[in-house]
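Working notes for the structure below.
What follows is calculated from the coordinates using simple rules that are stated; it is not laboratory data. Since the structure is predicted, the reported quantities are computational estimates derived from the model, not experimental observations. All Cβ positions, glycine included, derive from the backbone under ideal geometry; neighbour counts span all protein chains shown.
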Amino acid sequence: MRFRFCGGEDCADWLLAEIFTLSKLSSVKLKALCQQVMQAILTDTLNFSEVQKLVGDKFESGNLKASVRALQYILTMSAKHSVDGQSLLNELTQLGLPKEHASALVKVYDESFEKLIAKLRSSVMRLTKLGDIQWNLLDVKTTNNLHDMHLPVVTMNLNYNDNLENQSKSISFAMNAEQFAVLFAVIRSTKTFRLFSSDAGTYKEPRPFFTSSKQLIDDYFDGNLAPVSRTINSHTFVFVMYYANFCGISRRMRDPYEKAAAFYRERTPNGNVTLDKFHVKFIAVDCFHYNGQCRKTYKLNYFPHMFLYVKGTRGYQYFGPAIASNIIEFIEKIRMPVIRLTDVNDFLDFIVQYESTVLASFDFSNDLQRQQSSLYVQAALKHIEYDNEHPVRFAIILNQSITDELSRLYVNNTFQTPFVVLHQLHTEPQMFPNMTNNFTMENLYQWIINEETEAHVGWLIPRNRYYSHSPSIDKATVTDALTDYDNLLLFFTSNRFDEIKLRQIYFYLSSCNVTHSSRWLEQLERLYNDSFADLPDNLNKTQLHRLSSCCHYALSQISTDDLYNICLLNYPLSILNFSNKHANVCLPILKIKSVEKLCVELYCQQWLRNSSLTHEKSSNTNRDAVLDKRRDKFYEQILKIQPKKILEGNSSTQEYRNFLCGINSTWAIRLVNSRHYPNFGQNIGIMNTSRAIIVLQPKNEQHYILNDTHITTENIYKLIYEISQNVRSRSYTSIPNDEAVINHSNKLIELTTDTFHPVVFDSTKHVLVVYYTKWCGFCQSIWPVLYQTKKFFENFSDLIFTRIQADKHDLPWHLTAYHYPTMILFPAKKKNHSIVFPTSTESITSVSLIKFLLYHLYIPDTPNDHWCQSSNNSFHSMLSSTYVDFSQISYLVKSFS
C-alpha cells in the first residue's frame, strides 16, 4: 500500500517497527518527544539527555535513537510532500499507531508546519554559477511480466562554481524519460540556462533510431520531411512512424515495426547482388529533434504517431499494440477493406465468421452507384482505422445468386441493387435508408456505429493498450467487459479458430429468437471443422516447404486471364497446366479448398476502387507480386496449425439447447490471446498452459476455471449450465509460494489456498491460523508475540501455528477474514467450532494468547487432580520448561480461578 508521507511508496519495514515501539509511550510523552525532535530539525541540534529523561527507562539508547530518527523522517517527509494534517493522521493510524498518539504527533506537525517548510527550503541545493555540462542517453533493458522493454535513461554531470566556498564542484545524477521532460520544460523557460542551444554546442548530434544492419526502414533521424513527402507521392502504400528517441513506447514499437517491414520485403537475386523491393514502404521520422522540420511542422503531444498512407488518399492512423502481427493485419485490412463475394458458400462463411457484417451491392455501369461504391470503401477504411481490433467487416456482392440467397433467407425484406445492409446474426438485417439522397461516407459510417450491437463473442483487448508502458489484460479491461453482463466467460487461447467454435456454442445456448439459427449452427460447425480437417495436425517443416513450393509454382504461371478468373470469378487453381513432375505432388495439395484460398490470397490482395477493376480484365497486372520472402513468412505465421482443437463430447448436448433463453442472467464470451498476454493467466492461477476457460461472476466475487485437458464442447455446456444453476464449485486464486512447505521450525507454517484445507482440517491437530497482509502495519508487530507463544507451547505436539496472506490466497467465504490481523483457532475433532481471538476486548500479548489457547484447549471445564499430575505429559513438560516465566503462570492461574 502506498502512503503520501512516504512519497507515494510503501512504508519501510524499519519504520513499521519503530511505529510499534512508539506506541508503547503514552500520548503525552510522545507529544513531548515530537516537540523535541521538531526543535532539533529547526535548530540542527538535539539535546539527547533531555530526550532520555523524557522517556525514562522505556527505551534503550539504541532503540531511542532509532525512534527519534523515525519521528524526524515522518515530520520532514510529510512537509516535503505537502501532506495535510488530516491525511497524515489517517495514514499513521492505518500503520498501527494509536489514534491518540497520531493526533499528538499531527498537532506538533501542524503547529510548526510553516517553520518546517522554511527550514527545508533553506537547505535545498543551490547552484551559484554553472560551468560545464556533460550528458548522455543510455538504453537500459528491463523486463516485466509481459516482455522485455528498452527504457531510456539520461545521465547528467553539472560542473559549477560555488562562490560561497570559492571552489569548483560537480553533481552527477540520472533521470528517466518523464523526469527529463520536466527538467526540459523548466530549462526552456530559463533564459540564462541554455542547455539545448545549438550555438552553445551542448546538444548532441541526432543519431539513428533504427540501427539494424538489415536496412528495412528509411530512418530520417534529423526530422526532415521532404524525402517523406516524395516517398508518399511515389509509392502506393507507405507506413510512417513519427517517433521520439527518448520515448519508451517508441522504443517498444521499434522491433515489431522492423518485423512488419521484413514481412513486406521481396529479395530478388540479380547477378552477384540481391535487390530489395518493398510492397509497403516503411519510414521513420524523429519528430522530437530540436531543429527538425517535423517538430516545427507538427505539434505532437505523444509518441509514436503511426500512419499508413495510401497513394491518392489520406493517411490512416494505427492505434494497435506494439505487436508485429497486429501491424501486418492492420495493413492488410487497409489494402483490402472490402471483401469480394462471388460464391454463395463464401457468402455464408463470411456472415457467420463475423457477428456483424455490412453487405452492399452496386451496379458499376451506373455512374452514381459507382461513386457510391467509392464512398462505401471510404467508410470501411474509416471503420478499420478507429476500431482495428474487432471492426465490422465490409463486403461487396458480385454475383446475383448471393442476392437471391439473401432474399430467401429474409423473406420480409426486399434486396434490390443498390443496397447496403447491416447483417447481425442475432437480429434481423437492417437496410441503410434513402440510398439516393442520404448516401455519404460520414452518414454511412455513423449509421453503422449507431446500429451495431456489441458482439457476444469476441477478443478481449487491453484498455489504453497503445499509450500504456506495459499493455496487459488488467482489472480495468475485465471490468469494462463485465459492464452489461452477469457472467463473463474468458477463453485463454492463441488459436484464432476457437472464436468460431465459441460463437457456435453461444448460439446453441441462446438462439431461441434468432432467425435461421439451425442453419447458422451448421455453417459454423462446418467452417470450424474445415479449418482443421483440411490441414494435417502433424504438418512438419518438410510438408510446409512442399506446400509453399506448390503455391509458388502455381502462382508463378498465372496469366492475366487466370488472374481475372481466379480472383474475381472464383475459378479453382486446378485449371492451370502442371507438368507431370509437379502434378503428382501439387494437385492433391491444391485441391484442398482452404489451402487454395491461402495461395491465391497472396495474389488477390487488391482492394476495390472502381468498376474497371471489377469487370474488366487488368492489362497491367504486376507479375512480380509473387513474393518469395513474404510467401515463406506468410506460411510460417498463417499456416502454422494449432495442435489442439475443441473436441466434441460423447454424450448428447440436446438438453442444453437454448438453455440461456430461460434464465435470468446474461453471458458474454471473450477470448484472450495467451501468446500476447500470458501474464493474465498467471495472475489468476493458470500456469504452464496455452488454453483454459475462466468464468467470472462479479456479483458473487467468484471465478471458475476449466483446465486445458477438460476443454470439450460438452464440458463447456456443462460448465455454463452448472454455474447458472449455482451447483458448480468455485475456483480459488493462489499465488505460488516457495515457503508453503509444511515444517515445524521456529517460524509459522505459511499456508496457501491449496495447503489450507489439509493442514487446518487435520483432525489430530489443534491449529491456530493468523490472517495477515503485507500492507497491514499492525500485522508486522505481532510476529514476536506469536514466536514467543509458539516457544511456550513447543512441547505440545498436537498444537501448530500457521499463517496465511489473505489478500493473495482465496478461501471459501466461511473461512475468509475481512479484518487484519485475525487469529482463528481450529480445535482438533471440533473443526466446525472454530474460535476467533477477541481482539476487541483483549490486546495481542503473549500472556493473553497463552491464556486463550490454554482455556480453549488444555484446561477442562471441571479441572481435577489428575489434570495437574505428572501423567499429563504435555502440561508437565510445559511447566518444566526453562523458558516459562512463573510470574506469568501465576497470573494465568489467578485469571482462571
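In this structure, the residue pairs whose Cα-Cα separation is over 27 Å, taken from Lys501/Lys718; Lys169/Lys296; Lys808/Lys831, are Lys169/Lys296.
Placing a pseudo-label 7 Å from each Cα along the Cα-to-Cβ vector at Tyr386 and Lys296 gives an inter-label distance of 3.5 nm. Label-to-label distance, Trp783 versus His81, with points set 7 angstrom from Cα along the beta-carbon direction: 2.3 nm.
Rounded, prolate or oblate: which fits the stretch 2-123, taking a ≥ b ≥ c as square roots of the Cα gyration tensor eigenvalues, rounded meaning a/c under 1.5, else prolate when a/b beats b/c? Because a/c hits 1.5 or more and a/b fails to exceed b/c, the stretch 2-123 counts as oblate.
Residues whose amide H comes within less than 5 Å of that of Phe239, counting only those at least five positions distant or on another chain, are Lys281, Phe282, Ile283, Tyr309 (H built at 1.01 Å from N in the peptide plane).
Between Lys831 and Ser763, the simple label model (points 7 Å from Cα in the Cβ direction) yields a spacing of 0.9 nm. Per-residue packing, averaged as other Cβ atoms within 10 Å, sorts the ranges 812-820, 499-507 into the order 499-507, 812-820, beginning with the highest. For the stretch 336-453, what does the alpha-carbon gyration tensor say about shape, rounded, prolate or oblate, given a ≥ b ≥ c as the root eigenvalues, a/c under 1.5 as rounded, and a/b over b/c as prolate? Rounded is the answer for the stretch 336-453, as its axis ratio a/c remains below 1.5. Charge dipole (Cα centre; +1 on Lys/Arg Cβ, -1 on Asp/Glu Cβ; no other charges) of the stretch 749-857 amounts to roughly 180 debye. Here the calculated FRET efficiency for Asn664 and Ala476, from their Cβ-Cβ distance with R0 = 30 Å, stands at 0.65, rounded to the nearest 0.05. Amide H contacts of His766: Leu799, Ile800, Ala828, each under 5 Å away and 5 or more positions distant or on a separate chain (H built 1.01 Å from N in the peptide plane; Pro and chain starts excluded).
Evaluate the relative contact order of the stretch 336-453 (contact order divided by residue number), counting alpha-carbon pairs under 8 angstrom at least 6 apart; express in whole percent. Normalised by residue count, the contact order of the stretch 336-453 is 36 percent.
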